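Engineer: For reference, the structure I am asking about is given below.
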Amino acid sequence: MNRTLLLCVESEAPSGLEAALRRFEQWMGDPDSPVRAIRRQPPSSGEFAPFPNSLHPELAQALRSAGIERLYSHQAESLRRVGEGANVVVVTPTASGKTLCYNLPVLNRLLDEPDARAVYVFPTKALAEDQLHEFHSLVETIGAPIRAFTYDGDTPQDARRAIRERANVVFTNPDMLHAGILPHHTRWAKLFENLRFVVIDELHACRGVYGSHVANVLRRLKRLCEFYGSRPQFICTSATIANPVELAETLTGEPFQLVDRNGAPRGERYVIFYNPPVVNRQLGIRRSYLQETRRVALEFLARNHQTLVFANSRLATEVLVTYLKDAAARMAFGPNAVRGYRAGYLPRERRQIERELRDGAIRCVVATNALELGVDIGGLDAVVMAGYPGTIASTWQRAGRAGRRQSTSVAVLVASSTPVDQYVIEHPDYFFGQSPEEACINPDNLEILLNHLKCAAFELPLREGEKFGPHEVAELCRFLEETGCLHRSGELWHWVSDTYPADAISLRAVTSDNFVVVDITGEPAVIGEVSFPAALTTLHEKAIYLHEARQYQVEKFDYEARKAYVRRVECDYFTDAIDYTQVKILEEFDSRPIAGAKAAHGEVRVNRQVVGFKKIKFYTLENVGAGNLFMPEQEMHTTAFWLHFPAEFLARLGDLAPAQKQSGLTGLGQALRAVASVLVMCDPHDLGVALTEDVARGAVFEPDLYLYDAYPGGVGLSRHLFGMTSRLLTAAAELIAACPCESGCPSCTGPAGETGDGGKRAAARILAELLRATAAPAQSRFNSSGKTA
């Protein structure tokens, strides 16, 4: 394996952290070291600018009172460009003062125009609360009658009317904007008439299905602003992604200017990549990454360094809290100095944890991504990440939570055994280079678009010839009239259904057609909700449904009523559905030859049927049983990227038997999905994989390997994958080559028992053949972002 030493720790680190760093350096000296890379980021002094003449004197004085005598260069540039009327997207690292990039221009306007209004949109309630506190602090120092409030699901009913009438700045989230503000715009008339700014914080979170919904929410917002006679400017902030301007423009439909030269000073930081040791080389099994995370976190806690541990799920969070509390009981500060932090904790409890972190009373917090964003938790010494967060942007966000006061800090990434984690941990140069990830959205997905058009019609009648985004609405309105939602009167289409459309639309799913889970162990009670696509694989009869670490067996699956009835059981296994997928090409949008094969993307029809299930034992993951199922077949139209392998190409693989070629293509699909999710910033489950053959080609084996968007209509992932075909294939080859297993494992091509004998070797052989002819042209044909040059 390629292990890269990126640092000699002969540094300016304080004695405590230096001891921990030397420990990692010692581990790296072992032949089978789990430490894959250590990189030092040197401190920087920052780049500053004086207060511009355009800054209101009262605001300048308030900044000086807070100890700010000058601005960072990117703050000054943002203020200047917004003052010139531009929409701005600011892309700088965590803890670089992005908040002032929008607070300064907004407050500047409010001091000159007291009736002006602004809406701040944050992805989480916690972040909105934290930013409101910072905003209030600055306003109190100014002493101006500027009123700001949060408006979300926790806002008391008796306070909402006052907020609608009095608030200059409303702090909210996309869900509340979608369901609680836009449909009731007549109550918010003063806001919409005087709306001058819309701030979107953490722009990079608006990707995939969620981002596609947010784009349509913003289309509705702009439509109402036009009705009330306002045209707000947009100010966006984002972590580092490859296409911030493209994303901001697609989300808002407005042109943007980029501010990305960071002027903030930065403390010294060390980033360490840690891959748990292999304990079974043949099967590619590694030590538990949660146990290794515990081990790494204790290296810091034993030296009394305040530490933040990130986990990727609620279950992993609670497991690690248990492990670390047990260990802390034997330390001076005791178990109460270790806390968990995740969604589900009461707001009061979360605020207390944040306060005690800042005060130093808590020495370690284990959190989900709820603490990833810009909540102020003071200056920590170390961050330990249990598993790759899914994107480079999120990893840097989490690493940036340490050293926020320009002090020395350490961030450690502990990899799990998933292919995505293994690719990143074994390719540190890929990670530490300029972020190659692109945030993909498709606001024109027909199902998403149609749902938000219903909401738009509920808010205001649609006019003949009107556009929603770039689309003429007449044809869609006629369709909605046929369904009984709209009625045409003259030139207007009116909402006539007795339903409230925003309530039926989740911003995190394409369809709101969910299944309800009913526990019938005692008195029937609803215990959960599962999306339609997931329900077929997790709620079939005899399935074990897991909820809060408890097991329920599905007694009845009512497809028509969209309900699953479950009963509490105690068992030592869970179930895994077996499905059969067939893909049919409907339209090929574009294609290119690739070493005798063909890469293409277009529209496809996916037919999927769950045909059985396996019983998998906890911990050992043994297959302890199986069953047959007869579930309804599901049909979905979506978009896909695919590779077509003609018989002539496969004939060049003469050293492989036909069964090995099939195994190799199956394994190749798993590897491609893993690296694709890294390159386009999505969850691996957002992409489906299928290996099928067009029957029209007769008896000749000419398979197609598909990566398709796992959502009706697609969300734009396949188009991006087609644009970066060469990088995708190269990354898959590197993933397979770097894996230490002998014949395939979950970290690369999948276990040999699932892909077939020789699957790993065959997948590597197929990739070598594809890349042999593409290596040279790839350099000139593709630019650094993976798009065609």
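The values are calculated or read from the model by the stated rules, or taken from the named source; none is laboratory data. On a predicted model such as this, the values are computed, not experimentally measured, just so you know. Here the Cβ is made from the backbone with ideal geometry for all residues, glycine too, and neighbour counts use every protein chain on show. For accessibility, only protein heavy atoms count, side chains too; no ligands or nucleic acids. Shrake-Rupley method; radii C 1.70, N 1.55, O 1.52, S 1.80 Å.
Engineer: Residues 431, 468, 479: which one is closer than 17 Å to residue 183 by Cβ and of a type in the set (Phe, Trp, Tyr)?
Structural biologist: On the way: 431 fails: closer than 17 Å to residue 183 by Cβ; 479 fails: closer than 17 Å to residue 183 by Cβ.
Exactly one residue qualifies, and that residue is 468.
Engineer: Hey, can you tell me all the residues within the range 264-289 that are in a loop (DSSP other than H, G, I, E, B) and either at pLDDT 85 or above or surrounded by fewer than 20 Cβ atoms within 10 Å (Cβ to Cβ) (or both)?
Structural biologist: Narrowing the range 264-289 to residues in a loop (DSSP other than H, G, I, E, B): 264-265, 267-268, 275-277, 281-284, 287-288.
Hits for the range 264-289 are 264, 265, 267, 268, 275, 276, 277, 281, 282, 283, 287, 288.
Engineer: Filter the range 706-715 down to residues that are at pLDDT below 90 and either open to solvent by 10 Å² or more (accessible area, probe 1.4 Å) or within 14 Å of residue 677 (Cβ to Cβ) (or both), then give me how many there are.
Structural biologist: Residues of the range 706-715 that are at pLDDT below 90, as a first pass: 710-715.
Going one step further and asking which of them are either open to solvent by 10 Å² or more (accessible area, probe 1.4 Å) or within 14 Å of residue 677 (Cβ to Cβ) (or both), we end up with 710-713, 715.
Qualifying residue count for the region: 5.
Engineer: Would you mind telling me which numbered condition in (1) open to solvent by 30 Å² or more (accessible area, probe 1.4 Å); (2) part of a strand (DSSP E or B); (3) under 24 Å from residue 630 (Cα atoms) residue 560 fails?
Structural biologist: (2)
Engineer: Report, ordered by the first and then the second residue, all pairs with beta carbons closer than 8 Å, sequence separation of six or more or different chains, a first member in the range 485-499 that is modelled with pLDDT of 90 or more, and a second member that is of a type in the set (Val, Ile, Thr).
Structural biologist: Note: pairs meeting the criteria are 485/496; 486/496; 487/496; 493/473.
Engineer: Looking at the range 575-597, I want the residues that are in contact (Cβ under 8 Å) with a residue 12 or more places away in the chain and outside any loop (DSSP other than H, G, I, E, B) and have a partner that is surrounded by 16 or more Cβ atoms within 10 Å (Cβ to Cβ) and hydroxyl-bearing (Ser, Thr, Tyr) with Cβ atoms under 7 Å, at least 6 apart or on another chain. Which pairs are those?
Structural biologist: Matching pairs, first to second residue: 577/537; 579/537; 582/692; 583/692; 583/706; 583/708; 594/725; 594/774.
Engineer: What's the total number of residues in the range 379-428 that are of a type in the set (Asp, Glu) and either touching a Ser or Thr at 6+ places or on another chain (Cβ under 9 Å) or in a strand (DSSP E or B) (or both)?
Structural biologist: Of the range 379-428, the ones of a type in the set (Asp, Glu) are 381, 421, 426.
Going one step further and asking which of them are either touching a Ser or Thr at 6+ places or on another chain (Cβ under 9 Å) or in a strand (DSSP E or B) (or both), we end up with 381, 421.
Residues flagged as of a type in the set (Asp, Glu) and either touching a Ser or Thr at 6+ places or on another chain (Cβ under 9 Å) or in a strand (DSSP E or B) (or both) within the range 379-428 amount to 2.
Engineer: Moving to a separate point now. Please enumerate the residues belonging to the range 700-723 that are aromatic (Phe, Trp, Tyr) and in contact with a His (Cβ under 8 Å, 6 or more places away or on another chain). First the steps, then the outcome.
Structural biologist: Going residue by residue through the range 700-723, those that are aromatic (Phe, Trp, Tyr) are 701, 706, 708, 711, 722.
Residue satisfying the conditions is 722 alone.
Engineer: Then there's this: Mind listing just one residue for me: the one in the range 74-96 that is part of a loop (DSSP other than H, G, I, E, B) and open to solvent by less than 10 Å² (accessible area, probe 1.4 Å) and, of those, nearest to residue 56 (Cα to Cα)? Break it down stepwise before answering.
Structural biologist: Quick first cut of the range 74-96, residues part of a loop (DSSP other than H, G, I, E, B) only: 84-87, 92-96.
So of that shortlist, the ones also open to solvent by less than 10 Å² (accessible area, probe 1.4 Å) come out as 92, 96.
Numbers: 92: 25, 96: 23 Å.
Looking at the filtered set, the residue picked out is 96.
Engineer: So, one more: Residues of the range 170-204 being in a helix (DSSP H, G or I), out of contact with any helix residue (DSSP H, G or I) (no Cβ under 8 Å at 6 or more places or on another chain) and touching a residue at least 12 places away in the same chain (Cβ under 8 Å), which ones?
Structural biologist: Initial filter on the range 170-204 (in a helix (DSSP H, G or I)): 174-193, 203-204.
Narrowing the set further to residues that are out of contact with any helix residue (DSSP H, G or I) (no Cβ under 8 Å at 6 or more places or on another chain) leaves 175-176, 180, 184, 186.
Once the filter is applied, which keeps residues that are in a helix (DSSP H, G or I), out of contact with any helix residue (DSSP H, G or I) (no Cβ under 8 Å at 6 or more places or on another chain) and touching a residue at least 12 places away in the same chain (Cβ under 8 Å), the range 170-204 yields 175, 176, 180.
Engineer: Here's something else I'd like to know. Say we look at the range 642-676 and pick out the residues that are at pLDDT 90 or above, among the charged types (D, E, K, R) and out of contact with any strand residue (DSSP E or B) (no Cβ under 7 Å at 6 or more places or on another chain); which of these is surrounded by the fewest Cβ atoms within 10 Å (Cβ to Cβ)?
Structural biologist: Across the range 642-676, the extreme among qualifying residues is 648.
Engineer: Quick check on residue 134: is it under 32 Å from the mean Cα position of the chain (by Cα), in contact (Cβ under 8 Å) with a residue 12 or more places away in the chain and assigned to a helix (DSSP H, G or I)? Show your work before the answer.
Structural biologist: Numbers: under 32 Å from the mean Cα position of the chain (by Cα): yes; in contact (Cβ under 8 Å) with a residue 12 or more places away in the chain: yes; assigned to a helix (DSSP H, G or I): yes.
The answer is yes for residue 134.
Engineer: Mind counting the residues in the range 436-493 that are among the β-branched types (Val, Ile, Thr) and open to solvent by 10 Å² or more (accessible area, probe 1.4 Å)? Step through it out loud before you land on a result.
Structural biologist: If we filter the range 436-493 for residues that are among the β-branched types (Val, Ile, Thr), which is where we start, we get 441, 448, 473, 483.
When the remaining residues are screened for being open to solvent by 10 Å² or more (accessible area, probe 1.4 Å), the result is 441, 483.
Qualifying residue count, the range 436-493: 2.
Engineer: Please verify whether the range 485-492 includes one or more residues that are out of contact with any helix residue (DSSP H, G or I) (no Cβ under 6 Å at 6 or more places or on another chain), under 30 Å from residue 731 (Cβ atoms) and of a type in the set (A, V, I, L, M, F, W, C).
Structural biologist: Checked the range 485-492: no residue is out of contact with any helix residue (DSSP H, G or I) (no Cβ under 6 Å at 6 or more places or on another chain), under 30 Å from residue 731 (Cβ atoms) and of a type in the set (A, V, I, L, M, F, W, C).
Engineer: Right, something else. Which ones in the range 429-475 are under 30 Å from residue 676 (Cα atoms), of a type in the set (A, V, I, L, M) and assigned to a loop (DSSP other than H, G, I, E, B)?
Structural biologist: Residues satisfying the conditions are 439, 441.
Engineer: Return the residues of the range 285-328 that are among the charged types (D, E, K, R), more than 19 Å from residue 371 (Cβ to Cβ) and in contact (Cβ under 8 Å) with a residue 40 or more places away in the chain; say none if nothing qualifies. Break it down into steps so the answer makes sense when it comes.
Structural biologist: Just the residues of the range 285-328 that are among the charged types (D, E, K, R), to begin with: 286-287, 292, 294-295, 299, 303, 314, 318, 325-326.
Next cut, more than 19 Å from residue 371 (Cβ to Cβ) only: 286-287, 292, 295, 299, 303, 326.
Selection gives 286, 292, 299, 303.
Engineer: Ok, one more. For residue 159, only one of the following conditions fails: (1) outside any helix (DSSP H, G or I); (2) more than 16 Å from residue 261 (Cβ to Cβ). What is its number?
Structural biologist: Condition not satisfied by residue 159: (1).
Engineer: For the range 232-263, enumerate the residues that are assigned to a loop (DSSP other than H, G, I, E, B) and either open to solvent by 50 Å² or more (accessible area, probe 1.4 Å) or modelled with pLDDT of 90 or more (or both). Before you say what the answer is, go through the steps one by one.
Structural biologist: Initial filter on the range 232-263 (assigned to a loop (DSSP other than H, G, I, E, B)): 232, 239-243, 253-256, 260-263.
Listed by number, the residues that qualify are 232, 240, 253, 254, 255, 256, 260, 261, 262, 263.
Engineer: Also, I was wondering about something else. What single numbered condition from (1) open to solvent by 70 Å² or more (accessible area, probe 1.4 Å); (2) assigned to a loop (DSSP other than H, G, I, E, B) fails to hold for residue 540?
Structural biologist: Failed condition: (1).
Engineer: Here is a further query. Does any residue of the range 62-71 turn out to be under 33 Å from the mean Cα position of the chain (by Cα), under 27 Å from residue 245 (Cα atoms) and open to solvent by less than 20 Å² (accessible area, probe 1.4 Å)?
Structural biologist: Within the range 62-71, the subset under 33 Å from the mean Cα position of the chain (by Cα) is 71.
Now drop any that are not under 27 Å from residue 245 (Cα atoms), which leaves 71.
Remaining after also requiring open to solvent by less than 20 Å² (accessible area, probe 1.4 Å): 71.
So far as the range 62-71 goes, yes, one or more of its residues are under 33 Å from the mean Cα position of the chain (by Cα), under 27 Å from residue 245 (Cα atoms) and open to solvent by less than 20 Å² (accessible area, probe 1.4 Å).
Engineer: How many residues does the range 215-231 contain that are open to solvent by 10 Å² or more (accessible area, probe 1.4 Å) and of a type outside the set (Gly, Ala, Ser)?
Structural biologist: First, pick out the residues of the range 215-231 that are open to solvent by 10 Å² or more (accessible area, probe 1.4 Å): 219, 222-223, 226-231.
Add one more test, that the residue is of a type outside the set (Gly, Ala, Ser), and what stays is 219, 222-223, 226-228, 231.
Residues flagged as open to solvent by 10 Å² or more (accessible area, probe 1.4 Å) and of a type outside the set (Gly, Ala, Ser) within the range 215-231 amount to 7.
Engineer: Identify, please: which residue in the range 320-344 is open to solvent by 40 Å² or more (accessible area, probe 1.4 Å) and not in a loop (DSSP other than H, G, I, E, B) and is, among those, modelled with the lowest pLDDT?
Structural biologist: Here the residue is 343.
Engineer: Another question about this same structure. On the basis of being touching a Ser or Thr at 6+ places or on another chain (Cβ under 9 Å), open to solvent by 10 Å² or more (accessible area, probe 1.4 Å) and at negative phi, does residue 730 make the cut? Before the answer, list the steps.
Structural biologist: Values: touching a Ser or Thr at 6+ places or on another chain (Cβ under 9 Å): yes; open to solvent by 10 Å² or more (accessible area, probe 1.4 Å): yes; at negative phi: yes.
Here the answer is yes, as residue 730 does meet what is asked.
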